[in-house]
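First comes the structure, then the notes that go with it.
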Amino acid sequence: MSLSARRLRSIGWLALLAVCATLVLVLTLRVNALRSQVRREENRIVALREETMYLQTEFETRASQQQLKAWNDVDFGYVAPGAGQYLENERQLAMLGKPAGPDAPAPVRLAELGDSANGLSGDAASTSGTAAAAYSGPSFPAMVSPLTGKPSGRAVRSDAVMRAPTGERLLATDDVDASGQAGSRADHAAATAALGERLGHVDLGGPGKAVRKPAHKPPAKSKANPDAAKTSKVKPQKLKAPKPKAAKPKLAKAKPASAGHKPKTHSTEKPA
Amino acid sequence: MNAIAPPLPAAFAGRASFSGTGRAQGERGQVAQLRARSLLTAKTRVLVVAALFGLGTATALARIAQIGLFDRAPGMRSMTDRLLPPRGELTDRSGAPLARELPAYALWFNPKAFGEGKNASQGAISPLVRTPEEVARALMGVFPDADYADLVQRLKSDRPSYLRRRVLPEDANKIYALGEPALEFPRETERFYPQGSLAAHAVGYVDENGQGHVGMEEVLNARLIDPAQRGQPVALALDMRVQGALEDELGRAMGESNAKGAAGIVLDVETGEVVALASLPAFNPNRGDLAYNALVFNRVSNQVYELGSVVKPITIASAIDAGVVTDLSVRYPSGKPLSIDGRLIHDSHSFGASLNVPEALVHSSNIVTAQVADKLGAPALRQTMLNLGMSERPYIELPARGFPIWPKGNWSRITNMTVSYGHGMAISPLHLACAYAAMVNGGIWRPATLMKVEPGHAVQGRRVFKAATSARMRQLLRMIVEVGTGKKANAVGFRVGGKTGSAEKPGKHGYQKSALIATFAAAFPMDHPRYVVLASIDEPQGTQATSGQRTAAWNAAPAVGRLIPRIGPLLGVVPDAKRDVDISDVAPLVASGDGE
């Protein structure tokens, strides 16, 4: 009996040792597995950080100041915003949306070249004031981007609008300080026109129908968004053949200048 | 076991010689011995096994303790070490990288790409698929600046060598497309400057041995390679956008006036931070092997010249500060050249019989400025120049700092008068920019720095001018731009004030009529000056673009006039056409007119 108890104890010790050894083995294996997993993750983190840094550096290199300048010179032509394009305070911002009073002087307007090849379009010529009507020269050729080879037609026309009538400035003198500003104002006006055109129309066609129809003209158009409403009225050709591709970059282009720019009327018609 | 075994044969031998009871006793004794031996054997075995188990258990416990207590930290350290760059990063003030370590591609020629072989001279197979000449020609298509003969020689050699380092990924792809297994692309960590040559003189470059040169790479070399600090990028005071605009406009002015070089600086008047520093033409820091050439010469901090009329406002400020000029309407004769000690001081052309001080600045009259300096006295003007640091190398971290040519000893009367209009003393554009900052910021001179200064940590500086003098100078400088020689720098809404200066460069036989240094030093906005902008054009020529003129009013001033609208909004200066410094009390003193 005593022998069997001793043997049992021995067996018990052996079993305990075996369990311990097994546990140690399992623990070691798990620890090793976890450690290699951690190392793998660390390697991944290091590789990803290096890759991120590499890509960031490549981006910084491709978008370096010299590269951006070269692009701007060739393709975009952005200029720094002028003093007239900044707003001082909220009150000045609110002034932009103020409707014209009953006895207010007629706002300064800008003549516009039509889309037709022979100078002014019939609409614009018939409705424009003295300066625009006096212009009867040839249309301005479309500028072609040297990179894409595509004409940047609308941008050119808006610039042409500024300079068209016998070199006279058509904008109010207190608003134009330099030629650069005049250019950006023209961009803004064109962008406003494009926006008005877009907002003033609802796409009623199905998926295959690309033609947009003009939506109803809001009765308070001159108050809510006079530029948009007027522009949509003056540009029938553009309504028929909207060019979303052309309008998109124009909007993007005018973005820097739009923050503080006083909206200029872009039509040749009197306000309603 | 072996110790027990030998007696056994003896026992069995004895067994053969006895019989009867003796035999029985002998057998029992043998059994007892056998049992005792077996017991001993078993005990020994148990002991050994127990010892083994004990050892195993102890080892396991020790291992558990090691894993639990000590094994985690080394793993963490290793990743940190791996992410630590070999050299610290340099960034601009907004964190855009200026210099960083990058695993770039190198182009390595391995002649043993096809295994060991004899070289070409021994008639063995070349490691190249095509002939070395064809491969060299293809490489020349990718790297037009490479040396064809050198490439051919390397490709024919049986020794491995670098064909080029810092290869762009797209160039590497082109070479990879050649399908030459002997051309390999090992990735090596290299110093890379994403902005290329932009701000090259301020940043510097790193050579193949990892040592920084020229700019802040040299100044911060120890800091950038210190393992304890190199993990954190170092922010410089530079703003890359401003730097880009400055270099662009200076480059344009250089091109338009067909000049040899140009220097420019944009300096924060309150902190002395150098927001942009340009010396053109610049070098390419990405080619460390080629970077060290004549172009590393820094025209902003290292080049000293007599800068001419841009020094006049300092003289006038000194005179106002000393109480010598109290009434700006006092007129000084200016009709004929001034003869002092047998030397003539004259103006570029006559501005009339007499001029007051504002007119002298607007028309840039040497004669009147010299008279004001004479009235002020040499010691006072000298002391002002000393206070502005004109007798020492410019204060900036850069290693390239030129020593000014400073009239030694007590100044004579003629020295005093010539220094008053910017001759007889050669200083760097950086000296002048710091002096202008002191002149417009309320009168405090501070050293320039390329390190970013946290708000509220600007150097205290020293007072050189009274605040009232500074306010008066702001009016006068603004007027020079409004009605004087700096009209072309009058950016609408930015309230620019400044002074032009066109000085002849000294040559072997006196001043050279054909070589000018045209400088325009400006500050904006003048109602609360924030930045000094200085542009200096080296040897401009009269061209169609500059209306045939080569003075600062036609090259440096227009460059500043174009630059300020570009950088003003970036630096937080909003243009406002309705705001300006009040010059109503000095404006009536000046009749409109042009001078140099």
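Read-outs throughout are calculated quantities, based only on the coordinates presented, and are distinct from any laboratory measurement. Being a predicted model, the structure only gives us computed values, none of them experimental. Every residue, glycine among them, receives a Cβ derived from its backbone with ideal geometry; neighbour counts consider all protein chains shown.
Stretching residue B:460 away from residue B:84 to a fully extended chain increases their span by 131.8 nm, per 0.36 nm per residue minus the current alpha-carbon distance. Projected onto their three principal axes, the Cα atoms of chain B cover extents of 164, 65, 49 Å, largest first. Computed from Cα atoms, the angle from the helix B:72-83 axis to the main principal axis of chain B rounds to 40 degrees. Computed from the alpha carbon positions, the gyration tensor of segment A:2-63 leads to an equivalent ellipsoid with semi-axes of 58, 4, 4 Å, biggest first. When the Cα positions of B:24, B:173, B:50 are compared along the charge dipole of chain B, B:24 comes out farthest toward the positive end, with charges on each C-beta of Lys, Arg, Asp and Glu.
Give me a single rounded figure for A:62-68: the average over its residues of other chain Cβ atoms within 10 Å of their Cβ.
On the way: counts 1, 3, 9, 15, 8, 3, 3.
The mean count of partner-chain Cβ atoms within 10 Å per residue comes to 6.
Between residue A:8 and residue B:46, what's the calculated FRET efficiency when r is the beta-carbon distance and R0 is 22 Å? Round to 0.05. Numbers along the way, then the final one.
Details: r = 15 Å, r/R0 = 0.69.
My answer for the efficiency is 0.90.
Pairs to check: B:312/B:487; B:336/B:508; B:336/B:488. Give those whose C-alpha atoms are more than 24 Å from each other in this structure. Beyond 24 Å between Cα atoms: B:336/B:508; B:336/B:488. Within 10 Å of the Cβ of each residue in A:49-60, the mean number of Cβ atoms contributed by other protein chains is 4. Relative contact order, whole percent, for segment B:388-454 stands at 36, derived from Cα pairs under 8 Å and 6 or more residues apart. Sorted on the mean count of surrounding Cβ atoms within 10 Å across their residues, most packed first, peptides B:139-147, B:559-567 read B:559-567, B:139-147.
Sites listed here are chymotrypsin sites (Phe, Trp or Tyr not before Pro) in segment B:165-230 whose DSSP assignment is loop and whose Cβ has at most 14 other Cβ atoms within 10 Å, and the list is empty. Here the spin labels are modelled as points 7 Å beyond Cα on the Cα-Cβ line, and at residue A:51 and residue B:509 they lie 7.0 nm apart. Using a simple spin-label model with pseudo-atoms 7 Å out from Cα toward Cβ, residue B:293 and residue A:28 lie 6.4 nm apart. Working value for segment B:244-589: equivalent-ellipsoid semi-axes of 28, 23, 21 Å, each the square root of 5 times a Cα gyration tensor eigenvalue, largest first.
What does the charge count near residue B:50 come to, summing +1 for each Lys or Arg and -1 for each Asp or Glu among other residues with Cβ under 13 Å from its Cβ? Each step should come with its number before you reach the end.
Numbers: positive: A:9, B:43, B:45; negative: none.
Net charge in that neighbourhood comes out at +3.
Label-to-label distance, residue B:61 versus residue A:72, with points set 7 angstrom from Cα along the beta-carbon direction: 7.4 nm. Applying 1/(1 + (r/R0)^6) with R0 = 25 Å to the Cβ-Cβ distance of residue B:258 and residue B:146 gives a FRET efficiency near 0.20. Put a plus charge on the Cβ of each Lys and Arg, a minus charge on the Cβ of each Asp and Glu, and nothing anywhere else: the dipole of segment B:90-235 about its Cα centre is then about 200 debye.
At a 10 angstrom cut-off on C-beta neighbours, averaged per residue, how do the peptides B:525-533, B:389-397, B:348-356 rank from highest to lowest? Mind showing how you got there, number by number?
Numbers: B:525-533: 22.9, B:389-397: 20.2, B:348-356: 16.4.
Taking the mean over residues of other Cβ atoms within 10 Å, the ranking is B:525-533, B:389-397, B:348-356.
What FRET efficiency, computed as 1/(1 + (r/R0)^6) with R0 = 56 Å and r the Cβ-Cβ distance, is obtained for residue B:545 and residue B:158, rounded to the nearest 0.05? The partial results should precede the final answer.
On the way: r = 57 Å, r/R0 = 1.01.
Once rounded, the FRET efficiency stands at 0.50.
Averaged over the residues of peptide B:89-96, the number of Cβ atoms from other protein chains lying within 10 Å of each residue's Cβ is 1. The residues packed around residue B:543, meaning those with a beta-carbon under 13 Å from its beta-carbon, carry a net charge of 0 if Lys and Arg are +1 and Asp and Glu are -1. One chain, two ends: residue B:413 and residue B:591. Fully extended at 0.36 nm per residue, the span grows by 61.0 nm beyond their Cα-Cα distance.
The C-alpha atoms of chain B define a longest principal axis, and helix B:312-321 lies at about 80 degrees to it.
Could you order the peptides B:318-330, B:475-487 from most to least packed, using the average number of other C-beta atoms within 10 Å per residue?
On the way: B:318-330: 16.8, B:475-487: 25.5.
Top to bottom by mean Cβ count within 10 Å: B:475-487, B:318-330.
Computed from Cα atoms alone, the Kirkwood hydrodynamic radius reported for segment B:439-485 is 12.3 Å.
Under 8 Å for C-alpha pairs, at least 6 residues apart: give me the relative contact order for segment B:244-589, rounded to a whole percent.
Working: 798 pairs, mean separation 80.2, N = 346.
Once normalised by length, the contact order is 23 percent.
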